[in-house]
Amino acid sequence: MRRTLSIFFNIDRTYLTGVSIVGSTLSLDYINSTIHKIDFENTQSEETQNGMTELINIISEMDFKPDEISVTLPSESVLVSKFPGNINMNEKSLKALVALELRQTYPQFNFEDFSIQLVPMTSQKSKKQMMLAVIITKEDLKVIQDLLEPLGKKISKFDISQMNAHSAFIYNYPEFRAGNIMILGLQGQFMDISVVMDGLPAYYNLIRFDGLDSLQEKIENEYNQIVPNVCDNLDAMLYFGSGMTKTVASELIKISAQLDIADTKRLNGFRLMKSSLDEREREYCSRTLQIYPACIGGCLPTKHTIMTL
């Protein structure tokens, strides 16, 4: 048995799930969240200090004892950049490409100040190979590690919410694994849109969400970038995130029907998992299942390739 504690530092709260893995079977054995958010760009604010105190108290009181710690951050809390390249390029060339991006965005920092993960985008249609760079300052990672010190474990896995949502999707929806699936995450003022083809990331973009009135235009613009440039069609759209209200979900179903996407539904990260939670906790999971896919995905083995610079 392997027990993983996944901690998702979201823009509204910090979410925690504890999952036990025995062979191919997953059991949700712990779930919790803070009331206050933790903003690593404003660690001295009252909100963040309250969030940190809450998290420390939760960690000290929980009976779930993890073997490993996984950390997830929303895309808007890190630098996510796309650039032409592939995993077979030598490390020196890849570092040069990422360094160029860093100089444009963070001219005051050095390359060595960042932790960088590269993910290849796999598209059967496009001849241009793309890489996704997930970039976070080592200072922020140290703050997180120090905050989690009471657990007595080093962070063993780090990723952004959208990539971890991919992992939750792949585990929980075997009927879609061979298809072309749009994954849409919505919260705050941003919307992550990605495509998973045959279980691998093929497309990613982070765009501003300007309200319900602009939702159709935004998604149609992304759809036109994806079809036929990335794939010939989309078999389904699965959506998640703290911004996924019933009104937004209804609008997404209408939009996907107009775009001839056959299936549209909420991404349920708990769908095929067993659980030892009590009835009250299970009811909480049912109400909030659209919030937890990224957190659950952090507990799962990563299916896509990650290269660390």
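Tabulated values for the structure
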item: The stretch 45-86: C-alpha gyration tensor shape, a/c 1.5 cut-off, then a/b vs b/c; result: oblate
item: Carbon and sulfur %, accessible surface of the chain computed with the full protein complex present, 1.4 Å; result: 46 percent
item: 151, 132, 206, reordered so the largest accessible area comes first (probe 1.4 Å); result: 206, 151, 132
item: Derived scalar couplings ³J(HN,Hα) [the stretch 227-241; Karplus, 6.51 cos²θ - 1.76 cosθ + 1.60; whole Hz; x for Gly, Pro]; result: 9, x, 6, 9, 8, 7, 7, 10, 7, 6, 10, 10, 10, 7, x
item: Chain lengthening between residue 92 and residue 68 when straightened (0.36 nm per residue, less Cα-Cα); result: 5.5 nm
item: The stretch 184-246 - Debye-derived log10 I(q)/I(0), Cα point model, q = 0.17, 0.21 Å⁻¹; result: -0.58, -0.88
item: Ratio Rg/Rh, restricted to the stretch 47-160 and using Cα atoms, in which Rh is the Kirkwood radius; result: 1.06
item: Spin-label proximity, residue 104 to the stretch 189-217 - amide N less than 17 Å from point 7 Å beyond Cα toward beta carbon; result: 204-207
item: Relative intensity, log₁₀ I(q)/I(0), of the chain from a Debye sum that treats every alpha carbon as a point, q = 0.16 Å⁻¹; result: -1.45
item: Helical mean residue ellipticity (222 nm; -39500 (n - 2.57) per DSSP H run of 4+; nearest 500) of the chain; result: -9500 deg cm²/dmol
item: Three-way shape call for the stretch 147-205 based on the alpha-carbon gyration tensor, with the a/c threshold at 1.5; result: oblate
item: Radius ratio Rg over Rh of the stretch 136-282, counting only Cα atoms, Kirkwood formula for Rh; result: 1.02
item: Potential extension, residue 212-residue 153 segment - 0.36 nm per residue separation minus Cα distance; result: 17.0 nm
item: Scattering profile of the stretch 1-97 at q = 0.13 Å⁻¹ [log10 I(q)/I(0), Debye over alpha-carbon scatterers]; result: -0.63
item: Heavy-atom surface of the stretch 152-309, accessible at 1.4 Å and reported per residue (Å²); result: 43 Å²
item: Using θ = phi - 60° and Karplus 6.51 cos²θ - 1.76 cosθ + 1.60, couplings along the stretch 162-177 (whole Hz; Gly, Pro as x); result: 5, 5, 6, 4, 4, 5, 5, 5, 4, 5, 8, 10, x, 5, 10, 4
item: The stretch 98-170: projected area of the alpha-carbon convex hull, averaged over directions, in nm²; result: 6.9 nm²
item: The stretch 74-121 and the stretch 179-234: distance between their alpha carbon centers, rounded to Å; result: 22 Å
item: Two-decimal ratio, the stretch 244-309, of alpha-carbon radius of gyration to 2.2 N^0.38 Å; result: 1.44
item: Greater than 28 Å apart at Cα, pairs in 95/138; 92/218; 254/274; result: 92/218; 254/274
item: Range of Cα positions in the stretch 1-44 per principal axis (Å), largest first; result: 42, 16, 12
item: Linear extension gain, residue 276 paired with residue 41, 0.36 nm per residue minus alpha-carbon span; result: 81.0 nm
item: Per residue accessible area of the stretch 14-114, 1.4 Å probe, in Å²; result: 51 Å²
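The values are calculated or read from the model by the stated rules, or taken from the named source; none is laboratory data. The shown structure was predicted, so the numbers you read here are calculated from the model rather than taken from an experiment. Positions of Cβ are backbone-derived with ideal geometry, glycine not excepted, and every protein chain shown enters the neighbour counts. When the accessible area is computed, the model is the full protein with side chains, heavy atoms only, and any ligands, DNA or RNA have been set aside. Shrake-Rupley method; radii C 1.70, N 1.55, O 1.52, S 1.80 Å.
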